[in-house]
Structure formats: C-alpha cells, structure tokens
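The values are calculated or read from the model by the stated rules, or taken from the named source; none is laboratory data. In this text, all values refer to a predicted model and were calculated from it rather than measured experimentally. Please note: Cβ atoms are built from the backbone with ideal geometry, for glycine as well, and neighbour counts cover all protein chains shown. Remember, those area values only see protein heavy atoms, side chains included, never the ligands or the DNA or RNA. Shrake-Rupley method; radii C 1.70, N 1.55, O 1.52, S 1.80 Å.
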Amino acid sequence: MIYTHNIDPILVTISQISLYWYGAMYAISFLVIDSLMRKNIPNINNQNITGAQTDKILFTCFIFLLLGGRLGYVIFYNLEYYLNDPIKILFIWQGGMSFHGAFIGIVIAAVRLKDQIKKSFLEITDLIVIYVPIGLFFGRVGNFINSELYGIPTNGSWGVVFPLVDELPRHPSMLYEAFLEGIIIFIILLILSKRKNLSHGILTSSFLIFYSIFRFIVEFVRVPDMHIGYIWNDWLTMGQILTTPMMFIGLIILFISERRQRA
C-alpha cells in the first residue's frame, strides 16, 4: 500500500519558537548514546572507561560532529548557496548535514582525545564507531520526517508519496539508510565487539567498509541534490564519490589490524 507522507516537520511551536523533529532526532540519539556509553554497552575488550572519560568523549565528538557535518554539507553540496546567505549555515533544523563532513569531524575529535584520555587513536575510534549507527538511524528518520534525501520514483507497494516534492510514489531511501547504516551496522559491530582479544581498528575498519557498501548501493535509488545532479553518466553521485575513499581507508586499517593480530 502506497503511503502518503503527512508528518509535520515541526514538533511543537511555543509562542513564535518552533522545535523541529529533525533537531529532536539528534537530541534523542545523543541521550541514547550517552546512556549506552555510561553503562559501557558493549564492553569492548573489557576496557572500561570512566564517567569523566565518557563525558569528554561525548562532548568533544558531539561538537566536532555538528561542526563537521554542517560545514561538510556546506562545502561539499551547496557552497554557492550558503556563500550568498551565510546566516543560513546556522539553520541546521532545516536539514543539511553531511555524514562525510561529520566523519572528518570525528577523526579530528579522536586526534584531540587520544592524549587527553590516554588511549590510542584506533582505541578511541573503536569506542566511537559502535555508537555512530545509532546517530545515523535517528538522523535518517529525521530526514524522512523532513521529506529530504528521497528516492527515485518506484512502482513498488512500499513507495512513499512526498507531497512537498510531487505526487509520485518514491523509494524511501532515507529509511533504507536508517535500516542498513543504523540497525544492520550496529548489529554487526555489536557481534564483532564480543570477540575476545579484538585487535584495535577492527571495529573502525568494519564500520567504514560496511557503511561505504550500504551508502554506495542506496545512492542508486536516491535522488542526488538537484543543484549538483549526477556527476557522471546519469548514475555517479557526490555521495558515492565521497564514500569511495572511506572504503579504501577501511580496507587499509583492516589489513594493518589483522596483521597485528596475527603477529
């Protein structure tokens, strides 16, 4: 049965201030991640982290994720628009966050954290990436509510009509990503984290590899940003271009981690 999207992106309006579902999704993901980290779920390699370390990791990553995600979207996807109206860079409740920019932000955060909490770079990224799918899941749900990052038209009964776009049933590509990048990757990392004597970097590399695969596939049914369009031959998108280096980085980390584990 074809579903017609009729969710108001505004969660609640108080006086003249509107609170958006998109922002609420980020707040919810932060609270969920904070709760799981404080309970040390999962307990990766039985390496406990203190409450102070948890607070430092959460705060630092959250700040750099927001900055990287927003600036990444501005630079990679819509630089000219935001240069003409810079104040709108701050309007994150309207949508417009780049995962690849957020990824760069997390890398910078991990570099800053490694000396502060006395752990190696890969130890920190292994701690972080297992919670990232939670943020991805809620973020993609926020995209769905905002009627953004929608897919190409489909004849499938699972298609969704987005009235803010047109009257055509479309692939709910943001929900595909919520399932693959959020739920499936989280389960994969959770299973891997239970392995004994897990080499540092395995979780990080696994996240990068599976995210790259899932994102690359979903891009085939996801409409690219209108002002960018397809980069080459009516199928290659900016998302696929930005995702490809992540795959190679993941494979390199996996190779190094596996070799270290065998040594």
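Could you calculate the FRET efficiency of Lys196 with Ile231 from 1/(1 + (r/R0)^6), where r is the beta carbon distance between them and R0 is 35 Å, rounded to 0.05?
Here the calculated transfer efficiency is 0.20.
Mind checking which aspartates and glutamates have their C-alpha under 14 Å from Lys88, skipping anything on the same chain fewer than 8 residues away?
Within the straight-line limit of under 14 Å, Lys88 reaches these aspartates and glutamates: Glu80.
Sorted from largest down, give the three principal axis spans of the alpha carbons of the stretch 98-156, whole angstrom values.
53, 18, 16
Regarding the stretch 52-183, what's the average projected area of the Cα-atom convex hull, expressed in nm²? Intermediate results must be reported in sequence, preceding the final value.
Numbers: hull surface 37.2 nm².
Mean shadow area of the hull around the Cα atoms is 9.3 nm².
Under a no-solvent Debye model with one identical scatterer per Cα of the stretch 140-200, what's log10 I(q)/I(0) at q = 0.15, 0.18, 0.25 Å⁻¹?
-0.54, -0.65, -0.97
For the stretch 111-246, rounded, prolate or oblate, judged on the Cα gyration tensor with a ≥ b ≥ c (square roots of eigenvalues), a/c < 1.5 rounded, else prolate if a/b > b/c?
The shape class here is prolate.
Of Val218, Val12, Val107, which is the most mobile in a GNM of the chain whose springs link Cα atoms less than 10 angstrom apart?
Result for the chain, Cα springs under 10 Å: Val12 fluctuates most.
Any chance you could get the radius of gyration and Dmax over the Cα atoms of the chain, in Å?
Taking only Cα atoms of the chain, I get Rg and Dmax of 19.0, 64 Å.
Quantify, in whole percent, the carbon and sulfur part of the accessible surface of the stretch 55-211 (1.4 Å probe; protein heavy atoms only).
70 percent
At a Förster distance of 51 Å, what's the computed FRET efficiency of Arg262 paired with Lys56, Cβ-Cβ distance as r, to 0.05? Write out the running numbers ahead of the final one.
Numbers: r = 33 Å, r/R0 = 0.65.
According to the calculation, E is roughly 0.95.
Hey, can you grab everything whose amide H is under 5 Å from the amide H of Leu236? Only 5+ residues off in sequence or another chain; H modelled, so Pro and N-termini drop out.
For Leu236, the qualifying residues are Ile231.
One-quarter of the Cα convex hull surface for the stretch 168-246, in nm²? Please report the intermediate quantities before stating the final value.
Numbers: hull surface 24.3 nm².
For the stretch 168-246, the mean projected area of the Cα convex hull comes to 6.1 nm².
Along each principal axis of its Cα atoms, how long is the stretch 1-128 end to end? Whole angstroms, biggest number first, please.
Largest first, the stretch 1-128 extends 46, 37, 36 Å along its Cα principal axes.
What 222 nm value per residue comes from the helices of the chain, counting each DSSP H run with n ≥ 4 as -39,500 (n - 2.57) and dividing by all residues, nearest 500 deg cm²/dmol?
-18500 deg cm²/dmol
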